[in-house]
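Enquirer: Following this message is one structure expressed as structure tokens.
Bear in mind that the values in this text are calculations on the coordinates, not laboratory data. The shown structure was predicted, so the numbers you read here are calculated from the model rather than taken from an experiment. Using ideal geometry, Cβ is built from the backbone for each residue, glycine included, and neighbour counts are taken over all protein chains shown.
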Amino acid sequence: MTLQQLEYVIALDTYRHFVTAAEKCFVTQPTITIQVKKLEDEIGFLIFDKSKSPFKPTDLGELFIRKCKVILAEVSELKNMVSIELDNIEGEFKIAVIPTISSYLIPLISGSISEKYPNTILKIQEMESDQIIEALQKKEIDMGILVTPLNEPFIREIKLYNEPFVFYGNKNEIESEKKFISVHDIESMDNVWLLEKGHCFRNQVLNICGNLDATRSVQFQSGSIEALKKMVDNYGGFTLVPEMAISDNDAGHILHFTEPKPVREVSLVTHHSFSKGVLLDVLRTEILKQIPDDFEKNQRFMKINWR
């Protein structure tokens, strides 16, 4: 017994004509005839008395049809309830963001989301990438924003943007007319300042630098990109920073990479079982409104993995 068979029975009772009922159900007449016959064989009695024209329900058929209508009405109500629930973004949701993104992205979107969706509470916390992956697997958080790809079977990745890396050096060590630098140029440089171990951004910088002798070059490690920039300002050397970490005060320190630019892919991630697709759409829309236009326009880039 299927819901489709019950719908065929209701259609036959409504129109009392097999061809018309089939047309209303968008199937052929033989299909509706065969399916109702299968249903009658299964329940053990005739639903319709076809000896009369037009045919009409049998006594048991009347009772059966009445129950069919109740069942289909309840199914319709259930579908509506599920649809409303999936489209509802009111409530409290937990989001984890890696530190090298949260400091620059979250202040840009928090105000507009609060204003547009006052009944949606986003509890945002900073976590390292591995912690976010573990928390998603345990369903301790609803969403994460971090660098992808993750290649985890239980995680859904919704790509947001590609963020370029930028060279940040000491003003006294950068030629005034120099505007660009290549990845090859930095492979032999000394005194690179890195984030401490555990940050995926550290791994990406080391991947970009390629032949960098980390043991010889790393003089200081920090958990903050802003701290690294200050170390460069005071003691020379260089670091790499995400483009969103650059401010107007950084003029003279910055060199952009030549094509293909190294970039990191930033994505919104959830467990595959997360059902609030409308909330994901809202977050993605608000984030893309705030990021620089050129993040989406770059056609040639060198995507840097962090694992």
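Enquirer: Would you be so kind as to identify which of Leu122, Val36, Gln290 lies farthest towards the positive end of the dipole of the chain, taking Lys and Arg as +1 and Asp and Glu as -1 on Cβ and the Cα centre as origin?
Expert: Result: Val36, furthest along the dipole toward the positive end.
Enquirer: For Ile158 and Leu46, what is the calculated FRET efficiency with R₀ set at 51 Å and r taken between the beta-carbons, to the nearest 0.05?
Expert: Calculated transfer efficiency: 0.45.
Enquirer: Using alpha-carbon positions, what is the distance between the centroids of the stretch 154-188 and the stretch 8-37, in Å?
Expert: 66 Å
Enquirer: How much length would be gained if the chain were fully extended between Lys123 and Ser53, taking 0.36 nm per residue of separation minus their Cα-Cα distance, in nm to one decimal?
Expert: Gain in length upon complete extension: 18.6 nm.
Enquirer: Among the aspartates and glutamates, which fall within straight-line cross-link reach of Lys116, defined as a Cα-Cα distance under 16 Å, with same-chain neighbours fewer than 8 residues apart omitted?
Expert: Asp87, Glu90, Glu92, Asp281, Glu286
Enquirer: Using label points projected 7 Å from each Cα along Cα→Cβ, tell me how many nm separate Val19 and Leu78, to one decimal.
Expert: 3.7 nm
Enquirer: GNM, the chain, Cα, under 10 Å: largest mean-square fluctuation among Gly61, Gly44, Gly169?
Expert: Of Gly61, Gly44, Gly169, the most mobile in the Gaussian network model is Gly44.
Enquirer: Please work out the C-alpha center-to-center distance from the stretch 42-66 to the stretch 88-148 and express it in whole Å.
Expert: A separation of 57 Å, based on Cα centres.
Enquirer: Same structure again: What residue among Glu134, Glu259, Glu62 shows peak mean-square fluctuation when the chain is described by a Gaussian network model with Cα springs under 10 Å?
Expert: Most flexible of the set in this elastic network: Glu62.
Enquirer: If you don't mind, another one. List the aspartates and glutamates whose Cα sits under 19 Å from the Cα of Lys24, skipping any in the same chain fewer than 8 residues away.
Expert: By straight Cα distance, Lys24 reaches Glu7, Asp13.
Enquirer: How much length is gained on full extension from Ser275 to Glu115, taking 0.36 nm per residue of separation minus their Cα-Cα distance?
Expert: 55.2 nm
Enquirer: Is there a pair in Lys79/Lys138; Lys139/Lys289; Lys38/Lys69 whose C-alpha atoms are over 25 Å apart, and which pairs would that be?
Expert: Beyond 25 Å between Cα atoms: Lys79/Lys138; Lys139/Lys289.
Enquirer: Now for a different question. Explain nothing, just the number: dipole magnitude of the chain about its Cα centre with +1 on each Lys and Arg Cβ and -1 on each Asp and Glu Cβ, in debye rounded to the nearest 20.
Expert: 920 debye
Enquirer: Pick the calculated semi-axes √(5λ) of the Cα gyration tensor in Å for this structure from (1) 29, 24, 20; (2) 33, 21, 19; (3) 64, 18, 17?
Expert: Among (1) 29, 24, 20; (2) 33, 21, 19; (3) 64, 18, 17, the one calculated here is (3).
Enquirer: Would you mind telling me the antiparallel percentage of the DSSP bridges in the chain, rounded to 5?
Expert: 60 percent
Enquirer: From the Cα gyration tensor of the stretch 3-87, with a ≥ b ≥ c the square roots of its eigenvalues, which class applies: rounded if a/c is under 1.5, or else prolate if a/b is larger than b/c, or else oblate?
Expert: Note, shape of the stretch 3-87 comes out prolate.
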